[in-house]
Structures are given as C-alpha cells and as structure tokens.
Amino acid sequence: MSEPQLDRQARRRLAVLRHVEEVSGNVAMTCRYFGISRPTYYNWLRRYEAEGVEVVEKIIYLRQNYHFGPEKIQMYLKRYHDITISKSGVWRILHRMDMGRLPASQRYKRHDRRWKRYEKQRPGHQVQIDVKFVEPLPKAAATGVPMKPVGRRGKFYQYTAIDDCTRLRVLKIYPHNNQKTAIQFLDYVLSQLPFAVETIQTDNGAEFQSAFHWHVLDKGIQHRYIKPRTPRLNGKVERSHRIDAEEFYRLLDGAVIDDANVFNAKLKEWQDYYNFDRPHGGLDGQTPYERLRQKAQTEASAV
C-alpha cells in the first residue's frame with residue numbers, strides 16, 4: 001500500500017471517530033454515513049482511546065514527512081509535545097497503520113561491516129570535513145523562489161564540517177569544488193565554531209591536497225587524512241549528509257534554488273535548526289548546542 005493510501009486510511013478513521021463526537025453524536029448514524037459496521041467503529045475507538053488520536057496523528061505525520069523511526073519519533077514527541085510514549089508503543093502504532101517498513105526507495109542498505117562508534121570528549125578535538133555534490137533540478141523550488149531558466153544548469157557543492165564531540169555543524173554552498181574553495185570553507189568554519197579546533201579530518205579528495213593541507217597547518221591545526229576508500233572513518237559527516245537528504249533536500253521536493261546566495265540562506269536556516277532545535281539520536285536526544293553547554297558546564301565544575 002502506498003503512502004498516500006495509508007494517509008487516506010488513517011485520516012478516514014480519525015474522521016469517523018470525530019464525526020460521532022463533533023457532528024452526529026450517534027454511532028449508528030455515523031456508521032451508516034461512512035458505510036462501516038458498528039464492530040469496526042468500536043474496534044477503531046478502542047485502539048485510539050488507548051493510544052490517543054492526537055498522538056497517532058503526530059506519529060503518522062513524522063513517519064510520512066520525515067521518515068523517522070520509532071526512536072526518533074519518541075524523542076520528538078517528548079521534546080516538542082511533552083508526550084511520553086515508549087519506542088515499542090510507537091512501533092505498535094506504525095505496525096497497525098501498515099507503516100512499519102518504509103518503501104525500498106526510502107531505506108538505506110545496511111553496511112556489510114559494522115564499526116564501533118566513537119566520540120571525542122572535547123569540543124574541537126576533531127572536526128570532520130566533507131563535500132556533497134548537489135545538482136539543481138528543472139522545476140520550481142518549494143519556497144516559490146523562481147529559478148533561472150533551465151538550460152545549462154549550475155552545479156553546487158555543499159561543504160560540511162561537523163564536530164566529533166558535540167555534532168555541531170557548519171554548512172556552506174559553493175559553485176566550485178577545489179582547494180581554493182576548501183580553504184575558504186576552512187576559514188569560515190573557524191570563524192563560526194565557538195571553540196578552538198585541534199584537528200581537521202578529511203578524505204583524500206583533490207580539494208584537500210597540499211595547498212589545503214599546509215593552510216590547515218599554518219593555522220596551528222593538525223590535518224589528518226582517512227585511509228583511502230574508507231568513508232566510514234568519516235562516518236559522522238557522512239551520516240549527516242544522509243540526514244540532509246532525508247530532512248532538508250527532500251522537503252524542497254527535489255529542487256534546489258539555482259542561486260548560491262538564496263541557497264545558502266535556506267541552508268543556514270537548516271543549519272540553525274540542526275544545531276539548536278533538532279534532537280540527535282547519537283546525543284541521547286540532546287541538540288548539538290545542548291551537548292556543547294553540557295560539556296562546558298562539566299569542564300567548569302571540574303576546575
């Protein structure tokens with residue numbers, strides 16, 4: 001069953017329950033109106049009384065619009081709606097709504113080899129940097145901002161820096177991908193992060209070669225390359241790019257504004273949301289800035 005069909009089914013059930021409360025006040029009349037049996041109505045009613053109509057609506061919305069799993073849905077409900085529900089409770093609701101598994105196009109393949117997660121204990125101890133290629137698509141962006149005529153479409157590159165400890169991120173769009181751009185981004189990152197950086201970690205891409213390398217060292221910062229063909233060693237920045245695809249680019253309906261300045265403005269909004277408001281599974285539901293404050297308080301109390 002497709003997502004639109006699932007959405008219609010869920011909304012129909014909610015409409016039936018609300019019709020009794022807000023319109024007819026009579027179960028038999030509502031059942032005749034919607035063409036369902038009374039046992040079916042009471043079966044839906046028992047489920048929703050146990051789970052809460054509003055909770056179910058929110059779970060459906062988060063699943064369909066953001067593709068969140070039970071753990072992330074649990075965190076969002078607690079943080080933004082003060083709703084406490086177990087992960088197993090979220091899973092049961094998704095299962096009952098036939099939404100337990102995402103369509104294949106929205107799932108990511110599991111890695112054949114697993115690796116141990118790690119976290120640097122100090123903000124700035126290590127910052128991962130990587131580049132994501134972004135190509136505008138030939139249709140208007142969801143923001144309504146007009147795009148340039150589609151003919152020769154521009155290319156954009158999203159540069160991303162993420163702090164190992166706090167998951168704090170800095171994002172920037174550039175029309176070129178080379179060492180000059182990488183150096184500009186590094187300087188931008190250092191001006192944006194509220195702590196000193198000790199080590200920069202990158203892959204072996206052409207944009208991170210000698211000119212970039214020596215620029216990092218001139219800043220008094222170490223530069224570490226990961227082993228060739230091992231992107232998992234830059235796993236935090238790689239994972240963050242997946243989050244961008246799921247929660248930012250997909251909400252633009254696959255379109256990217258063909259103007260670097262406008263694009264960066266939208267990306268800055270997303271960056272601020274990610275750093276200040278979005279609970280992070282790897283941080284036990286904290287936002288990156290909450291983790292940064294926690295680290296600062298811990299260090300202050302230890303002095």
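Computed from the coordinates by the stated procedures, all read-outs in this text should not be read as laboratory data. Keep in mind that what you see is a predicted model, and the values were worked out from it rather than measured. For neighbour counting, all protein chains shown are included, and Cβ atoms are generated from backbone atoms with ideal geometry for every residue, glycine included.
Taking other C-beta atoms within 10 angstrom as a stand-in for reagent exposure, S37, S240 fall in the order S37, S240, fewest first.
With both labels modelled 7 Å from their Cα along Cα-to-Cβ, the W214 to I83 distance reads 5.8 nm.
Rg over Rh of the stretch 191-245, using C-alpha atoms and the Kirkwood radius, what does it come to?
Ratio of gyration radius to Kirkwood radius for the stretch 191-245: 0.99.
Each of V16, V27, V216 has some number of other Cβ atoms within 10 Å of its Cβ, and from fewest to most they run V27, V16, V216. Working note: Karplus 6.51/-1.76/1.60 with θ = phi - 60° gives the stretch 65-73 the couplings 8, 10, 6, 6, x, x, 5, 5, 4 Hz, where Gly and Pro are set to x.
Using a cut-off of 28 Å between Cα atoms, the listed pairs K72/K155; K172/K227; K132/K266; K227/K266; K236/K295; K58/K268 include K72/K155; K227/K266 as exceeding that distance.
If only the Cβ of Lys and Arg carry +1 and only the Cβ of Asp and Glu carry -1, the dipole of the stretch 127-302 around its Cα centre is close to 420 debye.
By the count of neighbouring beta-carbon atoms within 10 Å, fewest first, T298, T166 end up ordered T298, T166. Backbone geometry of the stretch 237-248 corresponds, through the Karplus equation with coefficients 6.51, -1.76 and 1.60 at θ = phi - 60°, to 3J(HN,Hα) couplings of 6, 5, 5, 5, 5, 5, 4, 4, 5, 6, 10, 10 Hz, x marking Gly and Pro.
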